[in-house]
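Have a look at the structure below, then the notes.
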Amino acid sequence: MREKVILETQNLSKQFGGFVAVEKVNYKLFEGETAGIIGPNGAGKSTFFNLLTGLFPPTEGKILFFNQDITSTQAEHRVELGLVRTFQLVSVFDSLSVIDNLILAVTRFSPIFTNKFRFFFRDAHIKNITERAKEALNRVGLADKSHILTSELSYGDKRKLEIAMALALNPKVLLLDEPFAGLSDVEIKELLNLLHKVKKSLTLIIIEHKISRIVDLVTRLSVMHEGRIIAEGNPKDVLCNETVRRVYWGGESCSVDGITDSSDRRRRP
Amino acid sequence: MRNNFLEIVRKVDILFIGCAFLLLAPVLTVQRTNDFIIFCIFVLAYNLLYGFMGRLSFGHMLYFGVGAYASALTAEHLSANPFAAIAVALVAGAGTGILLGPITVRTTGACFALINLAFNQVGYFLALIALAKWTGGEDGMAAFFDNIWIFDLGNRYVVFGFSLLCLLLVVYIMKRLTSSSFGILLRTIKENETRAKFLGYNTFRYKLAAFVISTTLSAFAGALSIINYTYVTPSFIDTTRNVEVIFASLIGGSASIYGSLVGGISYMIISNYLPKYIQRWEMFLGVALLLLVFRFRSGLWGYISETVEKYALKGARE
Ligand SMILES: Nc1ncnc2c1ncn2[C@@H]1O[C@H](COP(=O)(O)OP(=O)(O)OP(=O)(O)O)[C@@H](O)[C@H]1O
Ligand SMILES: [Mg+2]
């Protein structure tokens, strides 16, 4: 089952000025798996996602997606190929209604997108599209808020909306950058349930700070530190890996509960 | 109940707008109302970029002027058929957009504004000096059109009726463009273009499309004003007149079709009538701008619709 590599990086590096944010990362993602990436603040996790999804080009190295070199492919084209992401700081369109945020996502891979006359001139809210948009909202529990202006949503709801948008794009690979940040405990449980469901039909990479949350979700865990991946493998093994324990937690314990939040020193939205 | 009412209003808005201008005509004179109509078309074209896509141009008189000169030159050299002149103007407007768009739409903010201004300066120079042999330079040129079928262009009522139909057509096109998926996409480009790319949209393409539609409709307004005035001078392509359309957008509310119309009419009323009473009326405009920027961010129309909504909500609660 874990045979096929669908996303691969070779010596992927990114420098900002003289600062190396991502250094020679060789990463492999297998079809159908749910991979987790952990690491302290500033380890380069988000930068790694930004490189994968084409927010900016790498300084060095290659990215292969389904054996196709996408290193210099435009971001929107990577989405078309099935590589979809969410952002660490929630990014949705505040000036639109909740449903309009989804309508664009749903429309992108519908016949309306290819029929330019319809795309330009026909009302965006046709039945078929709004129904699918509502379905997508339903999945994250936002159906009753579909006509609210997005700026009026709580941070947690925006987070859910962003995930609904990503799922509506029918990704082959979905990259979630700290999807639990800013959610309440109840919302985290709901989102975990959703992810347990969707992970059956797509390949996932999740960046997360609180390891305890994703230990049961992911099938493989990678640890990033100072731009490098320093350990990789089965989540429980990785957590007990000695280097990881030293650089990440500085602690001895390798029980999941003992190490949950220690490195999370950041501002929370 | 209230929603139904608004729905109905929205459905017949084109009829309503038509009636409004028909009522304005006897009050303001037909000639003047015609000016208003043409200016409103220009404001609508402008706001596809500014209000909906968030790109403020300081050089839109170029596209208006291209339409004006193209139709005048067509009348002089090609055909005196006014429809041919309009067709050539539309092609010229679209052509200018296709030529300059790939450069301008890559930029945002001040850069977008100034690049358009720079091109506008070049156009102004061409019309005034470099191509003076054809354009008549400072004196401009007259444009004579034949009467086609019932279109007796000597009759100002006919010209008025024709312009009004054109405005209603543009309103219709704008309504469709802004309520479509494309319309939503433009708004996302305004708010966060990078994010729109991550929904899989090649934003460059759609920005270019919006730009070309805007330049084409601007040229349309330019052509109609030549049919109205039957002459063209460099003032039709003068960079300093960009203020007018920017002002109109701010007054009415740029991100809305009704707002554009309210702004277009309000600006024209101010600029046509205020000078009669106050000599340096531009100062009044300056003060009005300050008020708008600080107090009425979404323009008159935005203010009106927000207020109405507030009261309607209150009413619904009681
Ligand atoms: N656009 C940028 N320009 C300059 N430096 C950047 C940029 N993006 C990231 N960095 C730097 O690169 C380093 C890695 O940042 P990154 O956001 O990838 O870390 P992270 O692992 O996602 O951390 P966190 O857990 O805080 O989200 C940081 O030191 C950051 O300051
Ligand atoms: Mg990060």
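The values are calculated or read from the model by the stated rules, or taken from the named source; none is laboratory data. Keep in mind that what you see is a predicted model, and the values were worked out from it rather than measured. Backbone-built Cβ (ideal geometry, glycine too); neighbour counts: all protein chains shown. Areas reflect the complete protein model, heavy atoms only, side chains present, ligands, DNA and RNA absent. Shrake-Rupley method; radii C 1.70, N 1.55, O 1.52, S 1.80 Å.
Less than 5 angstrom separates the built amide H of residue B:81 from those of B:146, all sequence-distant by 5 or more or on a different chain. Given in Å, the Rg to one decimal and the Dmax to the nearest whole number for the Cα atoms of the protein assembly as shown are 28.6, 94.
Computed on segment A:159-232, with alpha-carbon pairs under 8 angstrom and 6+ residues apart, the relative contact order is 30 percent. In units of the compact-protein estimate 2.2 N^0.38 Å, segment B:254-318 shows a Cα radius of gyration of 1.38.
Couplings for segment B:212-219, taken from phi via the Karplus curve 6.51 cos²θ - 1.76 cosθ + 1.60 with θ = phi - 60°, read 5, 4, 5, 5, 5, 5, 4, 5 Hz in order; Gly and Pro are left as x. The amide H of residue A:30, built 1.01 Å from its N in the peptide plane, has A:6 as neighbours under 5 Å, considering only residues 5 or more places off or on other chains. Relative contact order, whole percent, for chain B stands at 30, derived from Cα pairs under 8 Å and 6 or more residues apart.
Solvent-accessible area lost on pairing A with B (1.4 Å probe, both sides summed) amounts to about 2700 Å². Over the Cα atoms of chain B, the radius of gyration divided by the Kirkwood radius equals 0.97; this is the Rg/Rh ratio. One equal scatterer on each Cα of segment A:1-150, no solvent, Debye formula: the resulting log10 I(q)/I(0) at q = 0.13 Å⁻¹ is -0.77.
Listed cross-link partners A:4/A:172; A:24/A:236; A:14/A:62; A:134/A:158; A:160/A:197; A:158/B:314 are compared with a 22 Å cut-off, the Cα-Cα value being larger for A:24/A:236; A:158/B:314. Label segment B:69-220 by shape, choosing from rounded, prolate and oblate, from the square roots a ≥ b ≥ c of the eigenvalues of the Cα gyration tensor; if a/c is under 1.5 it is rounded, and otherwise prolate applies when a/b is larger than b/c, oblate when it is not. It comes out oblate by the Cα gyration axes. With R₀ set to 56 Å, the beta-carbon distance separating residue A:69 from residue B:29 gives a calculated FRET efficiency near 0.25. The fraction of all Cα pairs in segment B:143-242 landing in successive 5 Å bins from 0 to the largest distance is 2, 10, 16, 17, 14, 13, 11, 8, 5, 3, 1, given as whole percents.
Karplus-derived 3J(HN,Hα) values for segment B:166-171, using 6.51 cos²θ - 1.76 cosθ + 1.60 with θ = phi - 60°, are 4, 4, 4, 4, 5, 4 Hz; glycine and proline are entered as x.
Remark: segment B:137-143, residue by residue, has Karplus-estimated 3J(HN,Hα) of x, 5, 6, x, 9, 8, 10 Hz, where x stands for each Gly or Pro and the curve is 6.51 cos²θ - 1.76 cosθ + 1.60 at θ = phi - 60°. Other protein chain C-beta atoms within 10 Å of residue C-beta, averaged over A:118-126: 6. Near residue B:200, no amide H atom lies under 5 Å from its own; only residues 5 or more places off or on other chains count, and H is placed 1.01 Å from N. Computed from label points 7 Å out along Cα-Cβ, the spacing between residue B:16 and residue B:176 is 2.2 nm.
Per residue, the Cα convex hull of segment A:92-169 amounts to 77 Å³. Summarising the overall dimensions of chain A from its C-alpha atoms, the Rg and Dmax are 18.9, 63 angstrom.
Normalising by the residue count of chain A, find the relative contact order in percent from Cα pairs under 8 Å and 6+ residues apart. So the answer I get is 25 percent. When peptides B:90-102, A:93-105, B:293-305, B:250-262 are sorted by average Cβ neighbour count within 10 Å, with the highest value leading, the order is B:250-262, A:93-105, B:90-102, B:293-305. Which of the lysines could a cross-linker bridge to residue B:11, judged by Cα under 18 Å and excluding same-chain residues fewer than eight apart? Within reach: B:175.
Simple rule: put +1 on each Lys or Arg Cβ and -1 on each Asp or Glu Cβ in chain A, find the dipole, and look at A:25, A:221, A:109; the Cα lying farthest toward the positive end is A:109.
The listed residues B:40, B:19, once ranked by accessible area (1.4 Å probe) with the largest placed first, stand as B:19, B:40.
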